[in-house]
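Participant: Pasting in a structure now, in structure tokens, and then I'll have a few things to ask.
We did not get these values from a lab; they are worked out from the coordinates using the rules stated. No experiment lies behind these values; they were computed from the predicted model shown. Cβ atoms come from the backbone with ideal geometry, glycine included; neighbour counts cover every protein chain shown.
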Amino acid sequence: MLRKIMVTGACSNLGRSVVQLFELQSNVEVVALGRDELDILDEAQVIATVERLLPSTIINCAGFNDVVAAESRLSTRLAVNTRGLCNLARTAAKFRVYLCSFSSKFVFNGKSLEPYDEDDEKWPLNQYGISKQGGEEMVSNQLENYLIIRSDLLYGGGGDDWVSRIKEELGAGRPLPVSDDFFIAPTYIGDLAAATVALVSEWVAGIYHYTNDAGPGVSCYEFACEVAARAGLDSSLLKATPMREMDFGGPLNLPERAILGLDHFKKMFPALVRPWKQALASYMG
Ligand SMILES: NC(=O)c1ccc[n+]([C@@H]2O[C@H](COP(=O)([O-])OP(=O)(O)OC[C@H]3O[C@@H](n4cnc5c(N)ncnc54)[C@H](OP(=O)(O)O)[C@@H]3O)[C@@H](O)[C@H]2O)c1
């Protein structure tokens, strides 16, 4: 029997990769809906679309991810992370649909010396993190059959990302300040899409962490240096800068070392977790 999967936010970087991978599977019918086809903030439209398509699965790749802009755009686009999720969760409950959505390490405060487990205490430090925590709760409070995948800084997928920004700035000979005390597990979107396919294919439920493996975390500066080296660009243009000296255009609290623990995912799909440098190398060639 064909499994019908409806992907919302299908034009996002992640959405395109997820759709591409599911389209390779013979037992799946993918219905890819960009924002023009379905605005998840419009509850009536969400209900009408699910009623018409009757998917067994919704994968939501829509979101507002600009952490800096999120501090000043509370009432408008940020709502997609919470109210949008609420609309999807309520509709999924009504039609008994399995819902998968994506969250972020920004639900944690980054003060732990150890990688975070899925059920560790959430303590977001900024509006983006609060909106992602809200979205998680909209889903977990209304559904039993759901999957939330938390991840870290994503690159790849064909759109604008941090790798292309580093290449652009250094390629133009412009110095680029990069934080050396903000730690990440940079993650190739194609790998996150493959992890999503693996989890969704098995109807896995609950909250899971997935990133490329960066051990205790790599600083943004170290990541940028690796990008510069792989692209043959001048890494001396990268200026190692403490977070407190970075210009975000306004005050912004960031979780300095919120690294997502991968034990649960690794137990199920160990072959799908690879070191961040290997993933970056295969992306950049
Ligand atoms: N990017 C990261 O580093 C990162 C890290 C961890 C987790 N995540 C999560 O992964 C997911 C995908 O991220 P991404 O980086 O691939 O996203 P992205 O490329 O920034 O795209 C976001 C997409 O959401 C769409 N969208 C916004 N509001 C919408 C609405 N009301 N209805 C339907 N679609 C809407 C946007 O459409 P328009 O372009 O038309 O506005 C856009 O296509 C998000 O949940 C994000 O929070 C991302």
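Participant: At what distance in nm do the modelled label points of A172 and H264 sit from each other, each positioned 7 Å from its Cα along Cα→Cβ?
Facilitator: Between A172 and H264, the simple spin-label model gives 4.2 nm.
Participant: Under the Karplus relation 6.51 cos²θ - 1.76 cosθ + 1.60, θ = phi - 60°, what is the ordered set of whole-Hz ³J(HN,Hα) values for the stretch 54-70, x standing for Gly and Pro?
Facilitator: Residue by residue, the stretch 54-70 yields 6, x, 8, 9, 10, 10, 9, 10, 7, x, 10, 10, 7, 4, 6, 5, 4 Hz.
Participant: Let me ask another. Once the piece of chain linking K4 and R52 is laid out straight, how much longer is it, given 0.36 nm per residue of separation minus the C-alpha distance between them? Please report the intermediate quantities before stating the final value.
Facilitator: Details: separation 48, 0.36 × 48 = 17.28 nm, distance 1.22 nm.
The span from K4 to R52 would gain 16.1 nm if fully extended.
Participant: Roughly speaking, what is the stretch gain from E144 to R165, that is 0.36 nm per residue apart minus the C-alpha to C-alpha distance, in nm to one decimal? List each step's numbers first, then the result.
Facilitator: Working: separation 21, 0.36 × 21 = 7.56 nm, distance 3.95 nm.
Taking 0.36 nm per residue and subtracting the Cα distance, the gain is 3.6 nm.
Participant: Kirkwood Rh, the stretch 243-285, all Cα pairs: how many Å?
Facilitator: Working: mean 1/r = 0.0728 Å⁻¹.
Hydrodynamic radius (Kirkwood, Cα only) of the stretch 243-285 equals 13.7 Å.
Participant: Something else about it: Only Lys, Arg, Asp and Glu count, each charged at its Cβ (+1, +1, -1, -1), so figure out the dipole size of the stretch 1-146 about its Cα centre, rounded to 20 debye. All intermediate terms of the calculation are to be shown ahead of the outcome.
Facilitator: Details: 15 positive and 19 negative charges, 67 e Å.
My answer is approximately 320 debye.
Participant: Moving on. Against the empirical 2.2 N^0.38 Å scaling, what ratio does the C-alpha Rg of the stretch 29-69 come to?
Facilitator: Relative to the 2.2 N^0.38 Å estimate, the stretch 29-69 comes out at 1.32.
Participant: On to the next question. In Å³ and rounded to a whole number, note down the convex hull volume per residue for the Cα atoms of the stretch 13-128.
Facilitator: Numbers: hull volume 16.1 nm³, N = 116.
It is 139 Å³ per residue.
Participant: Right, next: Please count, across the chain, the pairs of lysine residues with Cα atoms under 13 Å apart that sit 8 or more places apart or on different chains. It would help to have the intermediate numbers written out before the result.
Facilitator: Details: K105/K122; K105/K132; K111/K122; K122/K132.
Step by step, the pairs that qualify in the chain add up to 4.
Participant: With a/c under 1.5 counting as rounded, go ahead and sort the chain into rounded, prolate or oblate using the C-alpha gyration tensor (a ≥ b ≥ c being the square roots of the eigenvalues; past the cut-off, prolate if a/b is larger than b/c, else oblate).
Facilitator: It comes out prolate by the Cα gyration axes.
Participant: Stretch N253-T76 to full length: gain in nm at 0.36 nm per residue minus the Cα-Cα span? Please list the in-between numbers first.
Facilitator: Values: separation 177, 0.36 × 177 = 63.72 nm, distance 2.06 nm.
Separation in residues times 0.36 nm, less the Cα-Cα distance, equals 61.7 nm.
Participant: When the distances between all Cα atoms of the stretch 90-177 are binned every 10 Å from zero, what whole-number percent does each bin get?
Facilitator: Histogram of Cα-Cα distances, whole percents per bin: 14, 33, 29, 17, 6, 1.
Participant: Okay, next question. Name the residue from W162, Q45, S219 whose Cα lies farthest towards the positive end of the charge dipole of the chain, charges +1 on Cβ of Lys and Arg and -1 on Cβ of Asp and Glu.
Facilitator: Q45
Participant: When the convex hull of the Cα atoms of the stretch 138-227 is projected onto a plane and the area is averaged over all directions, what value comes out in nm²? Don't skip to the answer; put the middle values down first.
Facilitator: Values: hull surface 29.8 nm².
In nm², the orientation-averaged hull projection of the stretch 138-227 is 7.4.
Participant: Taking the Cβ-Cβ separation of K111 and K239 as r and a Förster radius of 35 Å, what is the calculated FRET efficiency to the nearest 0.05? Spell out each step's value before the answer.
Facilitator: Values: r = 26 Å, r/R0 = 0.75.
Using R0 = 35 Å, I get an efficiency of 0.85.
Participant: What shape does the stretch 77-132 have by the C-alpha gyration tensor, where a ≥ b ≥ c are the square roots of the eigenvalues, rounded means a/c under 1.5, and otherwise prolate means a/b greater than b/c and oblate the rest? Write down the numbers at each step before the final one.
Facilitator: Values: a/c = 3.77, a/b = 1.78, b/c = 2.12.
Judged from the Cα gyration tensor, the stretch 77-132 comes out oblate (a/c at least 1.5, b/c at or above a/b).
Participant: Moving to a separate point now. Which whole-number percent is the relative contact order of the stretch 1-159 (Cα, under 8 Å, 6+ apart)?
Facilitator: Values: 265 pairs, mean separation 38.4, N = 159.
About 24 percent, as a whole number.
Participant: Roughly what % of DSSP beta bridges within the chain run antiparallel, to the nearest 5? Let's see the in-between values first.
Facilitator: On the way: 2 of 34 bridges.
That works out to approximately 5 percent antiparallel.
Participant: Charges at C-beta only: +1 for Lys and Arg, -1 for Asp and Glu. How large is the resulting dipole of the chain about its Cα centre, in Debye rounded to 20? Present the calculation step by step, with values, prior to reporting the outcome.
Facilitator: On the way: 27 positive and 36 negative charges, 86 e Å.
It comes to approximately 420 debye.
Participant: So, one more: Can you give the relative contact order of the stretch 3-81 as a percent, counting alpha carbon pairs under 8 Å and 6+ residues apart? Show your work: numbers first, answer last.
Facilitator: On the way: 105 pairs, mean separation 30.7, N = 79.
Once divided by the residue count of the stretch 3-81, the mean separation gives 39 percent.
Participant: Using the alpha-carbon centroid of each, what span in Å lies between the stretch 1-74 and the stretch 114-187?
Facilitator: That distance is 19 Å.
Participant: OK, next. Efficiency by 1/(1 + (r/R0)^6): what FRET value for Q278 and A44, r their Cβ-Cβ distance, R0 = 45 Å, to the nearest 0.05? Walk me through the numbers before you get to the answer.
Facilitator: Numbers: r = 46 Å, r/R0 = 1.02.
Efficiency at R0 = 45 Å is approximately 0.50.
Participant: Once label points are set 7 Å from the Cα along Cα→Cβ at both R230 and D120, what is their separation, rounded to one decimal in nm?
Facilitator: 2.5 nm
Participant: Oh, and also: Expressed as a rounded percentage, what relative contact order does the chain have, with Cα pairs under 8 Å and six or more residues apart? Mind showing how you got there, number by number?
Facilitator: Values: 561 pairs, mean separation 57.9, N = 285.
Dividing the mean separation by the residue count of the chain yields 20 percent.
Participant: Hey, what do the phi angles of the stretch 272-285 turn into as Karplus ³J(HN,Hα) couplings, whole Hz, using 6.51/-1.76/1.60 and θ = phi - 60°, x for Gly and Pro?
Facilitator: Result, ordered by residue: 8, 10, 10, x, 4, 5, 5, 5, 5, 4, 6, 6, 8, x Hz.
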